[in-house]
Amino acid sequence: MTLSARLNAGRRLLRPLTIQDEAAVVAALSRIEVAGWLTSVPHPYGVADFRDWLATAPRNAVWAIEDAGVFVGLIALKPDGPGYWIVPEAQGRGHASAALAAVLAAHFADPEAGDLPARCFADNATSAHVLEKAGFRERGRAMQFALARGAEVEQRVFMLDRDTWAARNPLVIDTPHLRLAPLEVPRDIAALARIGGQAVVARNTGSLLSPWPEDVVRAWVEALPWRGCPGFRLGVWRNGRLIGVVQLQRKASEIGLFLDPAEWGKGYAREALQALIASAFARFGLPSLSATVFADNAASLRLLRGLGFVETGRGEGESPARIGLHPTVLLRLDRAAGNGQDAAP
């Protein structure tokens, strides 16, 4: 997956590097206190060096870091991992950590993205701290020639795996009345069994049983944990109490939801789905979302159509809580339509 040309990093913006950045980059990299921490930057560094590098820099893998419209540094994601530097006057303000967090989130948003390596010079404690704060762990040492130093320099070799990153960066979505966040075992098992095991809930899903044994619930939760990419379930909480689940399946980017019947008719289903939809489009850059609903589930069909979903076909589906095949309605929400969703259900 090609990463976005522009990424938000808190108050900072990561944008494509352009020829207009020449003066700022040359001014920074001509200083040994910046170039000395980098492996492939010569010293002295001049305009020709910048232009040669810009002409060959990989597209959508190098970003200028802006804070309030001011260039403060650069970050790149190369095959051998992330690299970054901050202009001396802007160091110590969290720019590198924020930029790295944004790039890592974009990387792991791709379901096929693998673990990430990283390196920094052994005497660069600041860079090592940025990596460790992001979840990277040291795996060894190696020697690397540094152009600016003109010598072989010892490096620390780091690695970050998807599960470590996901555990340190849970997806939490707050709305006016709800919080959407990853489910936990064993904390949420009993509540899920109670809610999802009700026949009126289970019969409108494709995977729940009625009743829903807790060992089956545990396997269901563990099958789709939050890992930074489509293919996860989030609990829906109201005032600290679990009231339901939303999910985004990897296949066909299909969304789903179920709520405790005690919370029906209060607008929480719409609020939760709106939040999931907005996050799915913004975070993962998906072109569309889909949903499959039993044809006799009038409330869910009304809700999805009110959110902008349109019918794309009909089919048949099964539920462990029903006997046999039952008619289903297939729906889709395109990204452009989702950006303006506010129709009443």
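Coordinate-derived values only; no laboratory data. This structure is a prediction, so every number in the text was calculated from the model and none was measured. All Cβ positions, even for glycine, are placed from backbone atoms using ideal geometry, and neighbour counts span all protein chains on display.
Some points to look at:
- Approximate spin-label separation N239-D215, in nm, with each point projected 7 Å along Cα-to-Cβ: 3.7 nm
- Hull volume per residue, based on the alpha-carbon atoms of the chain and their convex hull, is 152 Å³.
- Modelled FRET efficiency - R0 51 Å, A282 with I32, Cβ distances, 0.05 increments: 0.80
- Neighbourhood net charge (14 Å Cβ-Cβ; Lys/Arg +1, Asp/Glu -1) for S97: +3
- Modelled FRET efficiency - R0 41 Å, E89 with A336, Cβ distances, 0.05 increments: 0.50
- Here the calculated FRET efficiency for W264 and R141, from their Cβ-Cβ distance with R0 = 56 Å, stands at 0.45, rounded to the nearest 0.05.
- Net charge in the neighbourhood of Y45 (other residues with Cβ under 15 Å of its Cβ; Lys, Arg +1, Asp, Glu -1) is -2.
- Hits among lysines - C-alpha to C-alpha of K78 under 23 Å, sequence gap 8 or more where chains match: K133
- Length released on extending from V47 to D123, taking residue separation times 0.36 nm less the Cα-Cα span: 24.5 nm
- Distance between the pseudo-spin-label points of R15 and N60 (7 Å out from Cα toward the beta carbon): 1.9 nm.
- Segment 131-164 versus segment 193-210: alpha-carbon centroid distance in Å: 49 Å
- Residue exposure sequence - M159, M143 - by fewest surrounding Cβ within 10 Å: M143, M159
- Cut-off 12 Å between beta-carbons: net charge of the residues surrounding Q247, Lys and Arg +1, Asp and Glu -1: +2
- Debye log10 I(q)/I(0) at q = 0.11, 0.13 Å⁻¹ for segment 191-345, Cα point scatterers: -0.40, -0.58
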